[in-house]
Amino acid sequence: MKKNLVFIFLFLSVSFCANAQGENMLLSEPEVLPRFGDGNYSLFKYLNENFVFSEEDKAQHIEGEMVVTFVVDTTGKISNVEIRKGLRPSINQKMKEIISQMPPWTPGRAEGRWINSRFSIAMIVESDSARIKPLF
């Protein structure tokens, strides 16, 4: 029985270490965060230049907070875009599409290697002024 427990412990330890150091590791808090262009300025410039509000959204004076999360992989590609806090389906879907189509980012880093990392953007969306700005 004691040998079986030792074997199970060693197996779980090795499995965990292999996963933690593998190529597909995903971190929410890497040592170096992923970055788009020159940082937040470039990110919100991109969002404002590419997000076009519908006439209906403008007429309804939509305003509120949005939170979007996604994964930046080791090549800088965006995937797994999720709306964590949305406004209305049309705006949520448009935001998801715009972020999914972003040019490559600089990936996050940990232990001197590029890593897959989860990134979140908190923003204020204003349809009246057709603006998207950071929520800080």
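The values are calculated or read from the model by the stated rules, or taken from the named source; none is laboratory data. Everything numeric here is computed off the predicted structure, so don't read it as measured data. Reconstructed Cβ throughout: ideal geometry from the backbone, glycine too, with neighbour counts over all protein chains shown.
Counting the residues of the stretch 57-116 that are small (Gly, Ala, Ser), on the phi > 0 side of the Ramachandran plot and modelled with pLDDT under 95 gives 1.
I'd like the residue in the stretch 66-87 that is among the aliphatic types (A, V, I, L, M) and part of a strand (DSSP E or B) and, out of all such residues, is surrounded by the most Cβ atoms within 10 Å (Cβ to Cβ). Working first, answer last.
Keep residues of the stretch 66-87 that are among the aliphatic types (A, V, I, L, M), which gives 66-68, 71-72, 78, 81, 83, 87.
Pick out the ones that are also part of a strand (DSSP E or B) and you get 66-68, 71-72, 78, 81, 83.
Working: MET66: 19, VAL67: 14, VAL68: 21, VAL71: 16, VAL72: 27, ILE78: 19, VAL81: 17, ILE83: 17.
Among those residues, the one meeting the criterion is VAL72.
Selection over the stretch 98-127 of residues that are within 13 Å of the chain's Cα centre (by Cα), surrounded by fewer than 15 Cβ atoms within 10 Å (Cβ to Cβ) and closer than 17 Å to ARG84 by Cβ gives a count of 3. Scanning the stretch 14-56 for residues that are of a type in the set (Ser, Thr, Tyr), at pLDDT 95 or above and more than 19 Å from GLU97 (Cα to Cα) yields a single hit, TYR41. Taking every residue in the stretch 73-90 that is touching a residue at least 60 places away in the same chain (Cβ under 8 Å) and pairing it with any residue that is buried (at least 17 other Cβ atoms within 10 Å of the Cβ), at least 6 positions away or on another chain, yields no pair with a Cβ-Cβ distance below 8 Å.
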